[in-house]
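Here's the structure we're looking at; comments come further down.
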Amino acid sequence: MIEQPDSQAANFAPATDQAFIDATQEAKSRYGRFNLAIIGDSGVGKSSLVNAVFGRDLAKVGKGLPVTRGVEYYHDDALGIWDIEGFEIGSAQSPAEQLKAHLKVISERPTNEQISVVWYCVHSSSDRLTPAAIAMIRELDAAGLPVILVLTKVDWAKNPVTGKRTVANDLQQFVDWLEAPTDGETGSPITIPYERVILTSTRDRHGKGKGHGLGELVAETLTLSPEDEKDAFRIAQRLNLPWKREMARPIITSAATLAGAAAATPIPIADALTLAPIQLGMMGRIATIYDLELKTMMSAGALAQLGVQFAGQALARSLIKVIPGVGSVVSATVAAALTAAIGEAWMRLCEQVHTGKIDITKVADSWGDYAPNLISLVRQGIEQRIAKK
């Protein structure tokens, strides 16, 4: 059982609270925002696609900004969505000219709103790309934007013996044509400058499940993203948890190293809470990677109490009770192992919140479920560090 923090810990809470908030803000600034343009006619399934990949309703991504007719920009900290609707019928401008005008408006927006990758969405029931669609994809390519042609609402059939998925013949013929497109009248080869064609569904044919092709879409989007925006995309997407763990673990290692250095001269148990800013900074950065806005969803008091509960004196007291021989001080080995264990446990808890298995307002209450794992990890970390000496 982890002991309750005493008055000294409670008095230190504002500092831990601020360490968490400052680290979160620094991480958001460092990672920036990934901006996706998603183009397609109404009903093609853009909102379902965004929700499946990013866990957000298109109209609820964040702040909606009607930029110009037919274009809206939604964003939160990690993700920006340029929603470009179907084009006005009867306009004096062709669809390509309308798109070019839209891209000009977008190019004049701030740097952190510029498009990184485009999903050009086409319903899978189509049998050819229209001349207008081809012209628009060429316009996007001329603007230097990588385009993924996304076929939406694909109805797959699964072979019960082999497990292989197939599509209807009409759709397969469409896909075959996309791989080597030709002019419908002359039969001459034509160039349509998209990077990949990816078939997707957000649900199975019965309206259930998690769909198919989304992992491939996410992987290709990451590949095409600018190097300095890849981490922002890893944060914004909700399908690939290993990417987030890969980002979080170096943060844990760095914090453990800092905690070990801070305890190079062993810290009395009574002063162990001085490690809390390091640990809370680590937690704030990890929360950012999992796209968790704890500051706005928990009160300042609850966040500060969470910091005291996770770090410092209370955990150190528990530590010396379950690991004989640690003594009355926190050494560099203990501080580093303790911090690494907190980071691993916090990362797992963030994953549970991120995937909707734990309500974000219940984070503090849920920590107790992770404490036994924490103690085990600390013991393991100490044993490993002692063995290396």
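Can you spot a residue in region 195-214 that is in a helix (DSSP H, G or I), closer than 23 Å to Phe20 by Cα, in contact with a helix residue (DSSP H, G or I) (Cβ under 6 Å, 6 or more places away or on another chain) and in contact (Cβ under 8 Å) with a residue 40 or more places away in the chain? The answer is no; no qualifying residue exists. In summary, Ala92 fulfils each of the numbered conditions (1) at pLDDT below 95; (2) part of a loop (DSSP other than H, G, I, E, B); (3) crowded, with 16+ Cβ neighbours inside 10 Å with the single exception of condition (3).
Residues in region 142-173 that are open to solvent by 80 Å² or more (accessible area, probe 1.4 Å), without any contact (Cβ under 8 Å) to a residue 60 or more places away in the chain and in contact with a His (Cβ under 7 Å, 6 or more places away or on another chain): Arg165 alone. Within region 106-136, the set of residues being open to solvent by 20 Å² or more (accessible area, probe 1.4 Å), over 20 Å from Trp82 (Cα atoms) and not in a helix (DSSP H, G or I) comprises Ser125, Ser126, Asp127, Arg128, Thr130. Picking from residues in region 274-293 that are more than 19 Å from Lys357 (Cβ to Cβ) and among the aliphatic types (A, V, I, L, M), the one that is most open to solvent (accessible area, probe 1.4 Å) is Ile278. Screening region 226-263 for residues that are of a type in the set (Lys, Arg) and not in a loop (DSSP other than H, G, I, E, B) and picking the one that is surrounded by the fewest Cβ atoms within 10 Å (Cβ to Cβ) gives Arg249. Within region 1-37, restricting attention to residues that are more than 18 Å from the chain's Cα centre (by Cα) and outside any helix (DSSP H, G or I), the residue that is modelled with the highest pLDDT is Asp6. For Leu199, the stated conditions hold: it is touching a Gly at 6+ places or on another chain (Cβ under 8 Å) and farther than 20 Å from Ser42 by Cβ.
The values are calculated or read from the model by the stated rules, or taken from the named source; none is laboratory data. Model, not experiment: these values are computed from the prediction. Ideal geometry is used to build each Cβ from the backbone, glycine not excepted, and the neighbour counts take in all protein chains shown. Ligands, DNA and RNA are stripped out before the accessible areas are found, and what is left, the full protein with its side chains, is counted by its heavy atoms. Shrake-Rupley method; radii C 1.70, N 1.55, O 1.52, S 1.80 Å.
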